[in-house]
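Written below as structure tokens is the structure these notes are about.
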Amino acid sequence: MITITRKDISPGYQVAQTAHSISQFAYKHNKTFTQWITGYNCIVSLSTDNEEELRKLYDELGDVEKVLFEEPDIDNQATAVCFFADAELRKKFSNLSLALRERKTA
């Protein structure tokens, strides 16, 4: 499972938004989530600079089972993405930094 959040939101918000995206993924893609939890059970949390880049990454995922969490408390801004990825897809995102590693404030 991979989550991607935004560096331009506070660390606490990054954690919460990542959790929201995972729970939304579990709800929308229950069968895939069940397969993940019983077989893989590994989460990689990554980050990107801002909302625009997050939306772009989400669009680049194409037909992969995925969710884009939009936070109602901040005008429905996109704050996190969650998707299940095989080894090949994980490589596509290996250039992103780990979540909470560095923070850029807008």
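Summary table below
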{"quantity": "More than 20 angstrom apart: percent of Cα pairs within the chain", "calculated": "32 percent"}
{"quantity": "Relative contact order of the chain, pairs being alpha-carbon contacts under 8 Å that are 6 or more residues apart, as %", "calculated": "43 percent"}
{"quantity": "Ascending count of other beta-carbon atoms within 10 Å, so fewest first, for Lys28, Lys91", "calculated": "Lys91, Lys28"}
{"quantity": "Top positive-direction residue, dipole computed over the chain with Cβ charges, set Ser94, Ala80, Gly62", "calculated": "Ser94"}
{"quantity": "Qualifying aspartates and glutamates (Cα of each under 20 Å from Cα of Lys91; at least 8 residues distant if same chain)", "calculated": "Asp49, Glu53, Asp59, Glu60, Asp63, Glu65"}
{"quantity": "DSSP-defined beta bridges in the chain - what % are antiparallel, rounded to 5", "calculated": "70 percent"}
{"quantity": "Long-range amide H partners of Arg6 with built H, under 5 Å", "calculated": "Thr48"}
{"quantity": "Whole-Hz ³J(HN,Hα) from phi, Karplus 6.51 cos²θ - 1.76 cosθ + 1.60, for segment 63-69, glycine and proline x", "calculated": "8, 4, 5, 7, 9, 10, 8"}
{"quantity": "Long-range HN-HN contacts of Gln77 with modeled amide H, under 5 Å", "calculated": "Glu71"}
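Just so you know, all these numbers are worked out from the coordinates, no wet-lab data involved. Computed from a predicted model, the values in this text were never measured in an experiment. Note that each Cβ is placed from the backbone with ideal geometry, even for glycine, and that neighbours are counted across all protein chains shown.
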